[in-house]
Amino acid sequence: MLPRLPSRTPSTAPRPPWPVAAFALVTLLSAAAVGLTASDTFTRMTMAAAVIACIGLRQTLHDPVVTTGLTTIVMGAVLGWGLDFYDRIWWYDDLAHFLFSLVGTMAVARLVLHRFDARPAVALPIALWLAWQGIGALWEIGEWTSDRLQATAHSRGYVDTMTDMILNSTGSGLGAAAYWRWLRQPAATSTTTRPRT
């Protein structure tokens, strides 16, 4: 009989390195500040979701790569709205869509793909890439809705929306490929627990 491995509980799970924890805390506080001072519902809701995500990451994730990746996305949105980078730096929105999709896809892939099995295995990152296109589309719908209901300027027309979708698609595709090439983990060495079936 094989010995049982100890289960990972929050008290025995490894703590993230202090720079990762500090970055997550600064990001959480910054997102809260931006959300509380925002003038429109879309920004307030996005920052509220960011605060919840930061708290959830701290409570459930013990992978510093995933935590740093997802927290970086939140910090990018904080800089965009809090320091007005979206309006002050003409290329920031394009860079944000590309990098958020790249980093977000790699982080989500590392977080969940090792839990699934597919034949052929490459179907997993392709499915994630397609799912990210859906997330990007919902984001653009949110921007458009905010512009119609509250006269904001999140979506700047058809060309801006299509550019954002192309950058989301490209960033996500490269993120899925980078995960598959360099960050992929077999289930036995993953840093999160596998659900029981």
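Overview of results
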quantity	calculated
Search result, residues across the range 123-152 that are under 17 Å from Y86 (Cα atoms) and in contact (Cβ under 8 Å) with a residue 40 or more places away in the chain	G142, E143, S146, T152
Flag for I135 being surrounded by 14 or more Cβ atoms within 10 Å (Cβ to Cβ), outside the structural domain of M47 (by TED's automatic domain parsing) and either at pLDDT 90 or above or part of a helix (DSSP H, G or I) (or both)	yes
Complete set of residues in the range 15-24 that are in a helix (DSSP H, G or I), of a type outside the set (F, W, Y) and touching a residue at least 12 places away in the same chain (Cβ under 8 Å)	V20, A21, A24
Residues (among the aliphatic types (A, V, I, L, M) and within 20 Å of T41 (Cα to Cα)) located in the range 148-162	L149, A151, A153
Checking D93 against (1) surrounded by fewer than 15 Cβ atoms within 10 Å (Cβ to Cβ); (2) of a type outside the set (S, T, Y); (3) closer than 18 Å to M165 by Cβ, the condition it does not meet	(1)
Test result for G157, surrounded by 14 or more Cβ atoms within 10 Å (Cβ to Cβ) and not hydroxyl-bearing (S, T, Y)	no
Cβ-Cβ under 6 Å pairs, at least 6 apart or on other chains, the range 36-64 side in a helix (DSSP H, G or I), far side of a type in the set (F, W, Y)	T43/W81
Among (1) closer than 24 Å to V159 by Cβ; (2) in contact with a Phe, Trp or Tyr (Cβ under 8 Å, 6 or more places away or on another chain) - the single one A38 does not satisfy	(1)
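Yes or no, residue by residue, for (1) within 30 Å of S39 (Cα to Cα); (2) out of contact with any His (no Cβ under 6 Å at 6 or more places or on another chain); (3) not aliphatic (A, V, I, L, M):
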residue: F100; (1), (2), (3): yes, yes, yes
residue: V112; (1), (2), (3): no, yes, no
residue: A127; (1), (2), (3): no, yes, no
residue: A131; (1), (2), (3): no, yes, no
residue: A137; (1), (2), (3): yes, yes, no
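The values are calculated or read from the model by the stated rules, or taken from the named source; none is laboratory data. Fair warning: this is a prediction, and the values are worked out from it, not measured in the lab. Cβ sites come from the backbone with ideal geometry, for glycine too, and all protein chains shown count toward neighbours.
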